[in-house]
Amino acid sequence: GESVGLHLPTLSVQEGDNSIINCAYSNSASDYFIWYKQESGKGPQFIIDIRSNMDKRQGQRVTVLLNKTVKHLSLQIAATQPGDSAVYFCAENSGGSNYKLTFGKGTLLTVNP
Amino acid sequence: SQTIHQWPATLVQPVGSPLSLECTVEGTSNPNLYWYRQAAGRGLQLLFYSVGIGQISSEVPQNLSASRPQDRQFILSSKKLLLSDSGFYLCAWSFRVGKETQYFGPGTRLLVL
């Protein structure tokens, strides 16, 4: 079936560096994408979203890039901080009236001081 | 602003005992509601979703059931817990129309012994 997946299950970076977390999706009908951050023992927290009519969206220290040609989504975190250490999930919505999301497995980001 | 609550935060139950997890949402009306289970180191598995009072859709056959007795209340239940029911249970809500973003609660850690 169609699914959302991640290229890298783990990513380790130095504090102050930029981080890039990648996600591949296979459903060409998906029109909405979300990145979530999940700290240990907590529920996922919304970070940023992007619709398929855009290829880039920026938030505070975060940028999401969407490449529909190769069905690829990435999350860029600028000046990574220890508090950014968490599991990051991408999710896609392929449309429909019930707004169900398909989640990737997640990437564990570890920020070294 | 909207908030979502879950309780209890943690629960240890013997095999064969009943289960009731509660989720409530504040600050919005007519939300879509969702129950997910997350096994350790795994992604999110959608269990149930609801688009209105008394309207429950099940995503996977299992030992669990869900109910929505009030607009902003969602309950996850079981008559007899199995060892395999252990996990991290997450409730989420989304707007009924216009936005697909799901917002998650803090989760309930369930350990069945």
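Measuring with a 1.4 angstrom probe and ignoring ligands and nucleic acids, residue B:84 comes out at about 90 Å² accessible.
Note on chain B: semi-axes of the ellipsoid equivalent to its C-alpha gyration tensor, largest first and rounded to whole Å, are 23, 14, 13.
For peptide A:39-49, what's the mean number of Cβ atoms from other chains within 10 Å of each residue's Cβ? Each step should come with its number before you reach the end.
Numbers: counts 0, 0, 6, 6, 15, 10, 2, 4, 0, 0, 3.
So the per-residue partner count for this stretch is 4.
Taking the stretch A:42-111, how much of its Cα-Cα pair set, in percent, is spaced more than 20 angstrom apart? Cα-Cα pairs of the stretch A:42-111 separated by over 20 Å account for 33 percent. Under 5 Å from the amide H of residue A:85 lie the amide H atoms of A:111, each residue being 5 or more positions distant or on a separate chain, with H modelled from the backbone and absent for Pro and chain starts. Ranked by the mean number of other Cβ atoms within 10 Å of their residues, highest first, the peptides A:69-82, B:2-15 come out as A:69-82, B:2-15. Averaged over peptide B:42-49, the number of partner chain Cβ atoms lying within 10 Å of each residue's Cβ comes to 4. The phi torsions of the stretch B:65-70, fed into the Karplus equation with coefficients 6.51, -1.76 and 1.60 and a -60° offset, translate into couplings of 9, 9, 9, 9, x, 9 Hz, rounded to whole numbers, with Gly and Pro shown as x. Estimated at 0.36 nm per residue, the fully extended path between residue B:63 and residue B:109 surpasses their Cα-Cα distance by 14.8 nm. Inter-chain Cβ neighbour count for A:101-108, averaged per residue, equals 4 (cutoff 10 Å, partner chain atoms only).
With 0.36 nm allotted per residue and the present C-alpha distance subtracted, the residue A:70-residue A:42 stretch has 6.8 nm of extension available. Counted over the protein assembly as shown with a bin width of 10 Å, the fraction of Cα pairs per bin, in whole percents, is 8, 32, 35, 20, 5, 0.
The stretch B:61-102 and the stretch B:10-58 have their alpha-carbon centroids 2 Å apart.
The values are calculated or read from the model by the stated rules, or taken from the named source; none is laboratory data. Bear in mind that the values here come from a model prediction, so they are computed numbers and not experimental data. Backbone-built Cβ (ideal geometry, glycine too); neighbour counts: all protein chains shown. Areas reflect the complete protein model, heavy atoms only, side chains present, ligands, DNA and RNA absent. Shrake-Rupley method; radii C 1.70, N 1.55, O 1.52, S 1.80 Å.
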